[in-house]
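**Student:** One structure coming up, written as structure tokens, with questions to follow.
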Amino acid sequence: MLTKRLIPCLDVRDGRVVKGVQFQSLRDAGDPRELAAAYEAQGADELVMLDISATAEGRAACLDTVASIRAELSIPLCVGGGVRAASDVAALLERGADKVASNSAAVRQPELLDEFAARFGSQCTVLALDAARIADSESWDVVIDSGNQATGIDAADWAAEAESRGAGEILLTSHDRDGTGEGYDLDLIQAIASRVRIPIIASGGARNARHLQQAFSAGADAVLAASILHYKTTTLAALKADLAKAGIEVRT
Amino acid sequence: MSNPELVIMRTGVANLASITAAFRRQGIEPHLSSSPEQILSAPMLVVPGVGAFGAAISEMQAKGLDQALLERLSQGRSTLAICLGMQILFEGSAESPDFKGLGFIPGRATSFPASVSSPQFGWNRIETDENCQLLQPGACYFANSFKLDHAPAKWSAARARHGESFIAALEGPGLLACQFHPELSGRLGQGIIKRWLASSREGSGSC
């Protein structure tokens, strides 16, 4: 039986880890390589690194960061941010990513997912889906460009389409909950899980083990956490111990 | 580097960075090669996971790597096959029914039951036969949609469950075949790689 995965997320800008609230107000959270090694030692099941650099120099620095993390890391590494073409995927895989997440570019050009899956395999084709709840409804809008742009696309429809195009996993972020510590958007997880068979990584809003447990119950296979780990509100080991007590199977 | 100790078979667009990094951490620099001579004669060979079954088999055939690998395996030369690298050694796979595998390991790869997620992505606990030398029980990282259901006679096996029991790894003379990714399986995976290197080096002295 697969264990439920806990995945620290490093948002990296110009070679440094940063974290904000609802994708804004970024502050420094440390050195990516040091954090990656520390999280693996604490029991991380995987690592996600999102490159949020705005410049070409920042992007180049991130490729170096991927290589330096890979040299140390003996768990899977998923990298996303600014992936626009197969050549971007190839460059990241070459530096040591095991999976590559695409977000805005896949929304603008969905056939990119078919291309990535055919060339690199579904196992390394991850869809990063940022969703914002439409007020007073059980529907979510896909948002792109770091949450700045609404698309009018239904998140559940997009998840199903991405699966049919060959995505092997969905990194599902609630834009409303990101960095808030209010808990994951459980309705969103349920809505997406009911439409796809591929694994879902829930992201946005975690503060404690109970939030993680709720996300797993709602249908997530893995959970992403950033703020609570970077700012040492808790540790992966403590979260896993609490989850194990609650009867959730985790890797220890 | 005319006579490298460890060769990783290069086919297509396989992601070789993680497996390369795992060996570097053990202090050995792997040499990437798609030369049939090196695939046959390298003291140690890694056959990595590479895309889809049919595409991998065709590419190996085009380069003459299938025969080189088969000959190597029949001579019992130390080989580590990972994920799809393991599956191409079977007789065939439900992934590409029109293609024949190398047939070194009896059996065909099948898909997971509809009741569970596929691909199988994540950490699954493996249990090992008593006579396993290199494998040990614990959580290993898998990323696969196909697998072998039963261990062929005379092979030592590790098993895991995803909907139903499947073969997580096989140990036989000269060959360690892992359906999971030892290079991504944390400390446990590093231990398997370390023991494989040590046993390969021991074995090479005796033949």
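**Student:** Can you name the strands (runs of 3 or more DSSP E) wholly within segment B:117-186 that have at least 3 residues being within 14 Å of chain A (Cβ to nearest Cβ), within 16 Å of the chain's Cα centre (by Cα) and not basic (Lys, Arg)? First the steps, then the outcome.
**Tutor:** Details: elements: B:120-128, B:138-144, B:156-162, B:164-172, B:175-178.
The qualifying strands (runs of 3 or more DSSP E) are B:138-144.
**Student:** Right, next: Grab the helices (runs of 4 or more DSSP H) fully contained in segment A:140-252, keeping just those with 1 or more residues being surrounded by fewer than 17 Cβ atoms within 10 Å (Cβ to Cβ).
**Tutor:** Details: elements: A:155-165, A:186-193, A:209-218, A:227-230, A:236-245.
By residue number, A:155-165, A:186-193, A:209-218, A:236-245.
**Student:** I need the full set of residues from segment B:165-207 which are open to solvent by 50 Å² or more (accessible area, probe 1.4 Å) and either among the β-branched types (Val, Ile, Thr) or within 26 Å of A:Lys99 (Cα to Cα) (or both), in order please.
**Tutor:** B:Arg187, B:Lys194 - these are the residues of segment B:165-207 that are open to solvent by 50 Å² or more (accessible area, probe 1.4 Å) and either among the β-branched types (Val, Ile, Thr) or within 26 Å of A:Lys99 (Cα to Cα) (or both).
**Student:** So which of A:Leu243, A:Leu229, A:Leu212 is within 14 Å of chain B (Cβ to nearest Cβ), more than 24 Å from A:Ile134 (Cβ to Cβ) and among the hydrophobic types (A, V, I, L, M, F, W, C)?
**Tutor:** A:Leu243
**Student:** Mind checking which pairs have a first residue in segment A:29-57 that is closer than 18 Å to A:Val83 by Cβ and at pLDDT below 95 and a second that is of a type outside the set (Ser, Thr, Tyr) and open to solvent by 40 Å² or more (accessible area, probe 1.4 Å), Cβ under 6 Å, 6 or more apart or different chains?
**Tutor:** A:Ile52/A:Arg13; A:Ser53/A:Arg13; A:Ser53/A:Asp14; A:Ser53/A:Arg59
**Student:** Follow-up question, since we're still on this one. Give the residue, chosen from B:Ala94, B:Ala55, B:Ala62, B:Ala68, that is more than 15 Å from the chain's Cα centre (by Cα), more than 14 Å from chain A (Cβ to nearest Cβ), farther than 14 Å from B:Ala168 by Cα and buried (at least 18 other Cβ atoms within 10 Å of the Cβ).
**Tutor:** Working: B:Ala94 fails: buried (at least 18 other Cβ atoms within 10 Å of the Cβ); B:Ala55 fails: more than 14 Å from chain A (Cβ to nearest Cβ); B:Ala62 fails: buried (at least 18 other Cβ atoms within 10 Å of the Cβ).
Being more than 15 Å from the chain's Cα centre (by Cα), more than 14 Å from chain A (Cβ to nearest Cβ), farther than 14 Å from B:Ala168 by Cα and buried (at least 18 other Cβ atoms within 10 Å of the Cβ) holds for just one of B:Ala94, B:Ala55, B:Ala62, B:Ala68, which is B:Ala68.
**Student:** If you don't mind, there's one more thing I want to ask. Tell me, which strands (runs of 3 or more DSSP E) lie completely within segment B:1-100 with 3 or more residues that are without any contact (Cβ under 8 Å) to a residue 60 or more places away in the chain, farther than 20 Å from B:Cys178 by Cα and out of contact with any Leu (no Cβ under 7 Å at 6 or more places or on another chain)? Please lay out each step first, then the result.
**Tutor:** Details: elements: B:6-9, B:31-33, B:44-47, B:79-82.
No strands (runs of 3 or more DSSP E) qualify here.
**Student:** Residue check: is A:Leu2 of a type in the set (A, V, I, L, M), within 14 Å of chain B (Cβ to nearest Cβ) and over 16 Å from the mean Cα position of the chain (by Cα)? Explain how you work it out, then say what you get.
**Tutor:** Details: of a type in the set (A, V, I, L, M): yes; within 14 Å of chain B (Cβ to nearest Cβ): yes; over 16 Å from the mean Cα position of the chain (by Cα): yes.
Against the criterion (of a type in the set (A, V, I, L, M), within 14 Å of chain B (Cβ to nearest Cβ) and over 16 Å from the mean Cα position of the chain (by Cα)), A:Leu2 qualifies.
The values are calculated or read from the model by the stated rules, or taken from the named source; none is laboratory data. Small disclaimer: the values here were computed from a predicted structure and weren't measured. Note that we place each Cβ from the backbone using ideal geometry, even for glycine, and neighbour counts take in every protein chain shown. What goes into the accessible areas is simple: the full protein's heavy atoms, side chains included, and nothing from ligands, DNA or RNA. Shrake-Rupley method; radii C 1.70, N 1.55, O 1.52, S 1.80 Å.
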